[in-house]
Amino acid sequence: MEIRDFIPSPIGFWTIEANSETITAIKFTAEKPLWTPNPSKITKLATQQLTQYFNNNLEEFDLPLNTLGYSPFYKSVWKAVSDIPFGKTASYSDLAITINNPKSVRAVGLANGKNPFPVVVPCHRIIGKDKSLTGYASGLKVKKWLLEHEGTIAVQKTLF
């Protein structure tokens, strides 16, 4: 049986998938999953930390992530993304410079888009060089919410 669990958040549901020792993926869905959770010690740790994050009680995650099968380049990008502090952002070109490969901006974007651990490896903190909100696998509404949650961008209220 697959090891997985999910948590509700203010913007939808986050599924945590794992093997016996590590988190293998985190996924966002707008709707509540229909399957029955099969949690483990690892998924419980992840759900606890994600819940703390969404409740404004955690800014940095400490989870065992399974990156086996991913290239050293992808891992270097995700490491650089993980080093971006809570409440801060960086551009794709900033990341390319950080990993000492300034001409790899497009490859950095591709690696960021393939991040299997959103929120924990905070790829939502990567924005365009012009400060625009660029693509996000879970959608720009989710990215905007996460950045507002972290105080990176002002919460925009509607007038009506």
Legend entry - Within the stretch 16-106, GluC sites (Glu not before Pro) in DSSP loop having at most 13 other beta-carbon neighbours inside 10 Å: 21, 31, 59, 60
Inset, instruction - Quick one: what are the phi-derived ³J(HN,Hα) couplings along the stretch 23-35, Karplus 6.51/-1.76/1.60 with θ = phi - 60°, whole Hz, x for glycine and proline? - result: 6, 9, 6, 10, 9, 9, 9, 6, 9, 5, x, 8, 7
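Go through the stretch 78-115 and name the trypsin sites (Lys or Arg not before Pro) that are in a DSSP coil and have 16 or fewer other Cβ atoms within 10 Å of their Cβ.
In loop regions of the stretch 78-115 (DSSP not H, G, I, E or B), the sparsely surrounded trypsin sites (Lys or Arg not before Pro) are 88, 103, 114.
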Inset, instruction - Starting from the Cα-Cα distance between residue 36 and residue 48, subtract it from 0.36 nm times their residue separation and give me the gain in nm to one decimal. - result: 2.5 nm
Inset, instruction - For the stretch 3-54, give the magnitude of the charge dipole about the Cα centre (Cβ charges: +1 Lys/Arg, -1 Asp/Glu; no others), in debye to the nearest 20. - result: 60
Inset, instruction - Could I have the simple spin-label model distance between residue 97 and residue 114, label points 7 Å from Cα toward Cβ, reported in nm to one decimal? - result: 2.5
Legend entry - Given charges at beta-carbon only (K, R positive; D, E negative), |dipole| of the chain in Debye: 460
Legend entry - Extension reserve of the residue 22-residue 83 stretch, reckoned as 0.36 nm per residue once the Cα distance is removed: 20.0 nm
Inset, instruction - Out of all DSSP beta bridges with both ends in the chain, state the antiparallel percent to the nearest 5. - result: 80
Inset, instruction - For the chain, set up a Gaussian network in which alpha carbons nearer than 10 Å are linked by springs, and say which option among 147, 58, 68 fluctuates the most. - result: 68
Legend entry - Relative contact order %, the chain, counting alpha carbon pairs below 8 Å whose residues are six or more apart: 18
Inset, instruction - Hey, can you grab everything whose amide H is under 5 Å from the amide H of residue 58? Only 5+ residues off in sequence or another chain; H modelled, so Pro and N-termini drop out. - result: 53
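We did not get these values from a lab; they are worked out from the coordinates using the rules stated. Everything numeric here is computed off the predicted structure, so don't read it as measured data. Note that we place each Cβ from the backbone using ideal geometry, even for glycine, and neighbour counts take in every protein chain shown.
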